[in-house]
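Peer 1: Here you go, one structure.
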Amino acid sequence: MHFVKWQALGNDFVFVNGFKEKLEEVTKHTKEICDRHFGIGADGIIFVLPSDKADLKMRIFNSDGSEAEMCGNGIRAFAKWAHELGLVKEKRISVETGAGILYPEILDNGMVRVDMGCPHLDAKEIPAEGFGEGPIINQTLANEKNGKSYQVTCVSMGNPHCVIFVDDAEAVPVTEEGPNLETDPHFPKKTNVEFVEQLSPNHLRMRVWERGAGVTLACGTGTCATVAAAILNGRVSGGADVTLDGGQLHIEWDGNPKDHIFMTGPAEKVFEGDYLL
Ligand SMILES: N[C@H](CCC[C@H](N)C(=O)O)C(=O)O
């Protein structure tokens, strides 16, 4: 299988051209392909595929083999690779994803600005149970596994996010708290988990435990969910810069759930090769 390795703020993916490789053949081996010792090593696999609704279709599989609805870091690399392959000519393209049709645009400075669509806030859309109807903003979640309670704000960007504001992000034991919350029964489809410290009025620090991938250096959808949660909690207005382990993303949102969130950040190709299936 020919592949190209891309990374976006250290969130790294094996990209596969779905016009040339059989998706089912590849996804059977997702875990071993993503293994950082026995395989190529990545947070997941992303396929470029034909679409009858948009220029192209993106499908993303986490390193544990589970398929996710969307990947914010991945769609930035997706746009650059699709352009490089000559599959698209325009700098702004439409991509069919599990979060709907989204629009990444390659900027002159090599960054990519993505129209990420609207955040989804209703409990049913996360999906999240046990919080009642409507949005989940700064509500208490009692985690049965560790007996701890958290103040959570939940946002879906097509995929579920549980955002928790903390006084000191560096002090959070993410590898302990993350998996407990990822698999908490309040989230029937599990959830990504973001721990967020506010550094200044429009600057946040976020660390993430990703559903199906564990600790990653950055999460694009999680960063959008983080800023949406900060705005919904009156901590931020208009958008913010977010510092992740792997670098910085810029997010814009006016706080109206009917309006789209925009994310701007980098994506770089690392190497390409052939993997023996
Ligand atoms: N682990 C995520 C998918 C990858 C999202 C993340 N890498 C991003 O950049 O948005 C999930 O299962 O919802």
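The values are calculated or read from the model by the stated rules, or taken from the named source; none is laboratory data. Predicted model only: the values in this text are computed from it and were never measured. Glycine also receives a Cβ, built like all others from the backbone with ideal geometry; neighbour counts cover every protein chain displayed. Just so you know, the surface numbers come from the protein's heavy atoms only, side chains and all, with ligands and any DNA or RNA stripped out. Shrake-Rupley method; radii C 1.70, N 1.55, O 1.52, S 1.80 Å.
Peer 1: Cα atoms only, the chain: Rg and Dmax in Å?
Peer 2: For the chain, the Cα radius of gyration and maximum Cα-Cα distance read 17.7, 53 Å.
Peer 1: Mind checking the dipole of the chain: about its Cα centre, +1 per Lys or Arg Cβ, -1 per Asp or Glu Cβ, Debye to the nearest 20? Before the final figure, lay out the partial values.
Peer 2: Numbers: 26 positive and 41 negative charges, 86 e Å.
Rounded to the nearest 20 debye, it is 420 debye.
Peer 1: Students sometimes get this wrong: rank 232, 249, 199, 49 by accessible area, probe 1.4 Å, all chains present, largest first.
Peer 2: Working: 232 50, 249 0, 199 85, 49 25 Å².
Of 232, 249, 199, 49, the descending order of accessible area is 199, 232, 49, 249.
Peer 1: For residue 52 and residue 92, what does the FRET efficiency come to when R0 = 22 Å and r is the distance between their Cβ atoms, rounded to the nearest 0.05? Please list the in-between numbers first.
Peer 2: Details: r = 20 Å, r/R0 = 0.89.
FRET efficiency, residue 52 to residue 92: 0.65.
Peer 1: Percent relative contact order of the stretch 108-267, based on C-alpha pairs within less than 8 angstrom and at least six residues apart?
Peer 2: This gives 24 percent for the stretch 108-267.
Peer 1: What nm distance separates the two modelled labels at residue 189 and residue 241, each placed 7 Å from Cα along Cα→Cβ?
Peer 2: So the two model labels end up 3.3 nm from each other.
Peer 1: A further question on this structure: In Å², and per residue, what accessible area does the chain have when probed at 1.4 Å with the other protein chains present? Let's see the in-between values first.
Peer 2: Numbers: 11490 Å² over 277 residues.
Per residue, the chain has 41 Å² of solvent-accessible surface.
Peer 1: What FRET efficiency would be calculated for the residue pair residue 274, residue 151, taking the C-beta separation as r and a Förster radius of 51 Å, to the nearest 0.05?
Peer 2: Once the sixth-power term is evaluated, E becomes 0.60.
Peer 1: Just grab the label-to-label distance for residue 256 and residue 64, each label 7 Å out from Cα along the Cβ direction, in nm (one decimal).
Peer 2: Computed distance between label sites residue 256 and residue 64 equals 3.8 nm.
Peer 1: Another question about this same structure. Sort 209, 81 by heavy-atom solvent-accessible area, probe 1.4 angstrom, most to least.
Peer 2: Values: 209 40, 81 10 Å².
My answer, sorted largest first, is 209, 81.
Peer 1: On to the next question. Simple spin-label model, 7 Å along Cα-to-Cβ: residue 32 to residue 124 in nm?
Peer 2: About 4.3 nm, to one decimal.
Peer 1: How large is the convex hull of the Cα atoms of the stretch 2-115 per residue, expressed in Å³ as a whole number?
Peer 2: Values: hull volume 10.8 nm³, N = 114.
Per-residue hull volume (Cα only) is 95 Å³.
Peer 1: Using alpha-carbon positions, what is the distance between the centroids of the stretch 186-224 and the stretch 115-142, in Å?
Peer 2: Between the Cα centres of the stretch 186-224 and the stretch 115-142 lies a distance of 15 Å.
Peer 1: Please go through the residue pairs 20/269; 89/124; 89/190; 5/148; 148/269; 28/53 and name each one whose alpha carbons sit more than 29 Å apart in this structure.
Peer 2: Values: 20/269 19 Å; 89/124 38 Å; 89/190 37 Å; 5/148 39 Å; 148/269 41 Å; 28/53 27 Å.
Flagged as over cut-off: 89/124; 89/190; 5/148; 148/269.
Peer 1: Assuming R0 = 41 Å, can you tell me the calculated FRET efficiency for the pair residue 199 and residue 22, based on Cβ-Cβ distance, to the nearest 0.05?
Peer 2: Details: r = 46 Å, r/R0 = 1.12.
So the FRET efficiency works out to roughly 0.35.
Peer 1: Among 61, 212, 85, whose Cα lies farthest out toward the positive end of the dipole of the chain, if unit charges sit on the beta carbon of Lys, Arg (+1) and Asp, Glu (-1)?
Peer 2: 85
Peer 1: Further, regarding this structure: Go ahead and estimate [θ] at 222 nm for the chain from helices alone: -39,500 (n - 2.57) per DSSP H run with n ≥ 4, summed, over the residue count, rounded to 500. Present the calculation step by step, with values, prior to reporting the outcome.
Peer 2: Details: 5 runs with 45 residues, N = 277.
The helix contribution divided over the chain gives -4500 deg cm²/dmol.
Peer 1: So, one more: Expected output is a single nm value to one decimal: the length gained when fully extending between residue 101 and residue 2, i.e. 0.36 nm times separation in residues minus the C-alpha distance. What is it?
Peer 2: Numbers: separation 99, 0.36 × 99 = 35.64 nm, distance 2.68 nm.
Computed gain between residue 101 and residue 2 is 33.0 nm.
Peer 1: A further question on this structure: Dipole of the stretch 123-265, Cα-centred, from +1 at each Lys and Arg C-beta and -1 at each Asp and Glu C-beta, to the nearest 20 debye? Numbers along the way, then the final one.
Peer 2: On the way: 10 positive and 19 negative charges, 51 e Å.
That gives a dipole near 240 debye.
Peer 1: Let me ask something additional. Give the carbon-plus-sulfur fraction of the accessible surface of the stretch 66-110 in %, rounded to a whole number; probe 1.4 Å, heavy atoms of protein chains only. Don't skip to the end; give the middle numbers.
Peer 2: Details: 860 of 1860 Å².
Here it works out to 46 percent.
Peer 1: From the gyration tensor of the Cα coordinates in the stretch 123-265, what semi-axes in whole Å does the equivalent ellipsoid have, largest first, with each one equal to sqrt(5λ)? Kindly include the intermediate steps, with their values, before the conclusion.
Peer 2: Numbers: eigenvalues 90, 61, 36 Å².
Three semi-axes, in Å: 21, 17, 13.
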